[in-house]
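This report concerns only the one structure given below.
Only the coordinates and a few stated rules stand behind these numbers; no lab work does. Since we're looking at a predicted model, the values are computed, not measured. Cβ sites come from the backbone with ideal geometry, for glycine too, and all protein chains shown count toward neighbours.
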Amino acid sequence: MQITSATFVKSSQVVADMPPPKMPEYGFVGRSNVGKSSLINALTQRKKLAKTSGTPGKTQLINHFLINESWYLADLPGYGYARVSKTQRKVFQKMIQEYLFKRENLMNVFVLVDSRLEPQEGDLEFMEMLGIKRIPFSIIFTKIDKLKKDELETNLSVYENKLFETWEELPPMMFTSSTSKAGREELLDKISEINELF
Ligand code: GTP
Ligand code: MG
């Protein structure tokens, strides 16, 4: 899929304030600093569409971007990062949950996890919750430019084994780097495929 247009629509805290749910939408979620906003910029090839930062907790609202006048990307605040205050984390958590449970046009959630880290309890719990609520999701392993091929393979098998402790079937998985743009085409293909189902 070619990206012909990508525009910021608005920031909201609650579903009632979001753009009308008339087009398919994809939510990017994951721990603060995992690279959600950066991936949105890489996907759309717009360096400053979503605001990024080396300091966790940069994205504080749910930001909607309209792509090709026909589908939405939603950039969400991060969950569960120790350097973000407990109060702030609670606020983000509530915002994320309301979004996930109520956003009608949400087609798929992309759960981003840092490919360098071993499975994080918070991410696993989050995925369990999505499973219980029957919200479709895919896992995106981010920042793969930081790893050698064999390191990525090792981390992936550790992750898969961990998931097999609770999941019978694994969700779709993708591997991306916002720096090298690895995985960009695959992710766009996936979105394009799901767009047809709307
Ligand atoms: P919050 O908004 O705080 O939840 O974080 P976020 O998940 O949106 O992360 P963000 O995109 O702001 O990126 C966090 C940091 O990771 C920034 O310093 C980015 O430059 C860096 N980063 C993001 N993606 C990549 C990547 O693919 N490779 C490398 N090397 N660095 C990345
Ligand atoms: Mg962000």
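Here are the numbers:
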quantity	calculated
Positive-end extreme of charge dipole, the chain - chosen from Met173, Met129, Thr4 (charges on Cβ)	Thr4
Residue among Tyr159, Tyr99, Tyr26 with the largest mean-square fluctuation in a Gaussian network model of the chain, springs linking Cα atoms under 10 Å	Tyr159
Projected label distance in nm at Val14 and Lys102, using a 7 Å step from Cα toward the beta-carbon	0.6
DSSP H segments from the chain that extend 18 Å or more along their own axis, Cα-based, with Kyte-Doolittle mean of -0.5 or above	none
Rounded to 5, the percent of DSSP beta bridges in the chain classed as antiparallel	35
Distance (nanometres) between label positions extended 7 Å along Cα→Cβ at Arg134 and Ser180	4.0
Shape of the stretch 95-177, Cα gyration tensor, a/c cut at 1.5	prolate
Where N is the number of residues in the stretch 137-198, Cα Rg divided by 2.2 N^0.38 Å	1.25
Kirkwood-type radius of the chain, with distances r between different C-alpha atoms, in Å	16.9
